[in-house]
Amino acid sequence: MDRHLLPWGTPPAERADAARNRVLLLATAHEMLAELGADALTMDALAERSGLGKGTVFRRFGTRAGIFQALLDDTEHAFQEQVLSGPPPLGPGAPPLERLVAYGRARARFLLDNHAIARSSLDSRQPVAAGSRTSQVHIRMLLAQLALRDADTDMLAVQLTAALEGPLLLYLPADDLQHVDRQANRLADAWQDLVHRLFDH
């Protein structure tokens, strides 16, 4: 069971009004994204649509990219549950190499399905992160189970995570993102090829 290895704990307690505002803002942001597209989802527009003050929106998200970071996090829960307790090979029960392949394939699909959110979550004013902390921890766990001789599994996990997460979208031409199924399959196949070339000896 992986649950103790992944940093998905109970979030800090919120005041009741803050919790209501968070739920309202995320629901409103999801609605706007579906109806109007990512370009129309701004701090001002979200404040107006939700009926909350601009200060409330700013305190909750900080930046426009913060809105999309929160949306991306909100969409991850079902994916995380599949990793934690879903059927193998994505969930527990399969050999680590199979799980590593399955994780990358599923993550590529998730990223492309949510490419508008993931791409908009990248903040040009901040350093580009190597990827989600959750992915790093999970990949590092699987690498440790592979018992790689003399490998720096911490840095390897960072590098492999960077191949799966939001920054990857910076390298895909916008035209490619119009063909989600094709690009998701290509990314998943490339990930599987990479993992087997590195670790299947």
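The values are calculated or read from the model by the stated rules, or taken from the named source; none is laboratory data. Computed from a prediction, not measured in an experiment: that's the story for all the values here. In this analysis, Cβ positions are derived from the backbone assuming ideal geometry, glycine residues included, and neighbour counts consider all displayed protein chains.
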Taking the range 83-107 on its own, how many of its residues are surrounded by fewer than 21 Cβ atoms within 10 Å (Cβ to Cβ) and charged (D, E, K, R)?
-> 1
How many residues are within 18 Å of residue 122 (Cα to Cα) and in a helix (DSSP H, G or I) if we restrict to the range 27-56?
-> 7
Would you say residue 71 is in a helix (DSSP H, G or I) and more than 20 Å from residue 133 (Cβ to Cβ)?
-> no
Scan the range 163-201 for residues that are modelled with pLDDT of 90 or more, of a type in the set (A, V, I, L, M, F, W, C) and over 17 Å from the mean Cα position of the chain (by Cα) and jot them down.
-> 190, 194, 195, 198, 199
Number of positions in the range 62-71 that are touching a Leu at 6+ places or on another chain (Cβ under 8 Å) and surrounded by fewer than 20 Cβ atoms within 10 Å (Cβ to Cβ) = 3
Can we say residue 163 is assigned by TED's automatic domain parsing to the domain that holds residue 115, within 25 Å of residue 122 (Cβ to Cβ), small (Gly, Ala, Ser) and without any contact (Cβ under 8 Å) to a residue 24 or more places away in the chain?
-> no
Considering every residue within the range 85-106, establish whether at least one is in contact with a Gly (Cβ under 7 Å, 6 or more places away or on another chain), over 30 Å from residue 32 (Cβ atoms) and in a helix (DSSP H, G or I).
-> yes
